[in-house]
1. Between beta-carbons, use under 15 Å as the cut-off and find the net charge around GLY93, counting Lys and Arg +1, Asp and Glu -1.
2. May I ask you to order 83-89, 238-244 by the average number of other C-beta atoms within 10 Å around their residues, highest value first?
3. Over the Cα atoms of region 42-118, compute the convex hull volume and normalise it per residue, giving Å³.
4. Can you work out the FRET efficiency for the pair ARG306 and SER271, with r the C-beta to C-beta distance and R0 = 30 Å, to the nearest 0.05?
5. Just add up the charged neighbours of VAL133: K/R +1, D/E -1, any other residue whose Cβ is under 15 Å from the Cβ of VAL133.
6. Order the peptides 120-128, 285-293, 7-15 from the highest to the lowest mean number of other Cβ atoms within 10 Å of their residues.
7. Ordered by packing density, taken as the mean number of other Cβ atoms within 10 Å over each peptide's residues, highest first, how do 145-151, 100-106 rank?
8. Kindly sort GLU167, GLU236 by accessible area of their heavy atoms, largest first, with the probe set to 1.4 Å.
Amino acid sequence: APFLSKAIAYMQRHNVPFEHVDLWVPSFVPSSEPTAEQMGNTTCRLCYAGSATVDLQVGPDGKCNVPLSGEEQFLLYAFGDYSQKFSFDVGCGLPGRVYQSGLPTWEQSVHNAPHHHFERCGGALQWGVRTVVGIPVASPNVGRIVVVLYSRNDREKDQELVGRLSEEFTRLMPSPKWKLVVDIGEPEPQMNALNTLSATVGATNTSAPVPQESVMNEKVSTDRDMMATKDSRVDEVVSLLGEYMPSDPSSPMSSCLPGFMSLRLLLLRPSKTPEEEELVRTMLGSYSSYSAGGRAKSDIANLLARDFMFLTQQQNQQQQHHQQPFLGTGQSLTSQATSAQSSGFVPYGMPPAAPPPAVSFQNSPALAPIPVPGIGIDSISIVST
């Protein structure tokens, strides 16, 4: 944190044309599949070590600073949350390549880069990251770390700027430290919340009847508390959608890109309406079902995007159906009268749209229509004369 705050202060003070920065530090972990010859060997991976976002960005002229809008800051924060799910082997990904070579790199249009070249291209496409600069920085306790700067604009290469940044970051002497985190597991929030609700309602019923409205309000509040409790599946779905989000317009999955982006943004949104919370629960249930079925991760991501597009389309159609205007009583009666007249019958008491043709009857006794004052000829009520 001290290194990041000093780096951000330097960037804003010297008009560095980048809005976001993160750190990648080496971590030596045991080999995932040790053999007899590899016992005791470790693997070095570049792990995420924090990020920061500036308050001011360099304008198009490259000189004056303009404030970042709230939406731009949110997009960069979201990209930072997305990046912390990644780690890279030495030589893999931009941090891994910079760490291995010890040379800085300046890459543009990373949102269109191949997945094997820039693994986070899906997140760059979703949150608008365009230019990335990776700088190796000497560290007194881990040897070398990688500082990566990001911009949502297309920044032209500036070798002199890279040299100044490398010198300044090295002068700050970054010294990453680790903290021990012991994962002992967490109780299932949904079951605990349901048990609490059942105990509360049961205890209340023993003393006095509970109004239905009170029980429903308590259930809605409990549902919101359960959604507020972090569900591990949310992070899994967010990471999955970001990893397999289509970036190639010619890809067969490109038609589902709106579903990928909309579902990710909904999951990352801190506050949701009750309808959106119900939609999130449905999508998480679909994810669990697809995962239990043994489907490939790419298939699960595509199916989730399609499911989300289908559900939102159904909701929109239902809303449009409920908003259709209804005919008034006068309009309904008029239409019925018009229909009846076209078939030769007129409801009693309704004036005809046009005078009916002359009626003659040949049978005996003679039959004649009844003239009604103010209405005309009543062709239904007939008496014999």
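The values are calculated or read from the model by the stated rules, or taken from the named source; none is laboratory data. Everything quoted here is computed from the prediction, not taken from an experiment. As a convention, Cβ positions derive from the backbone with ideal geometry for all residues, glycine included, and neighbour counts pool all protein chains shown. What goes into the accessible areas is simple: the full protein's heavy atoms, side chains included, and nothing from ligands, DNA or RNA. Shrake-Rupley method; radii C 1.70, N 1.55, O 1.52, S 1.80 Å.
1. -1
2. 238-244, 83-89
3. Enclosed volume per residue, from the Cα hull, is 128 Å³.
4. 0.70
5. Neighbourhood net charge equals -2.
6. Result, highest mean Cβ count within 10 Å first: 120-128, 7-15, 285-293.
7. So the order, starting with the most tightly packed, is 145-151, 100-106.
8. Output order, biggest surface exposure first: GLU167, GLU236.
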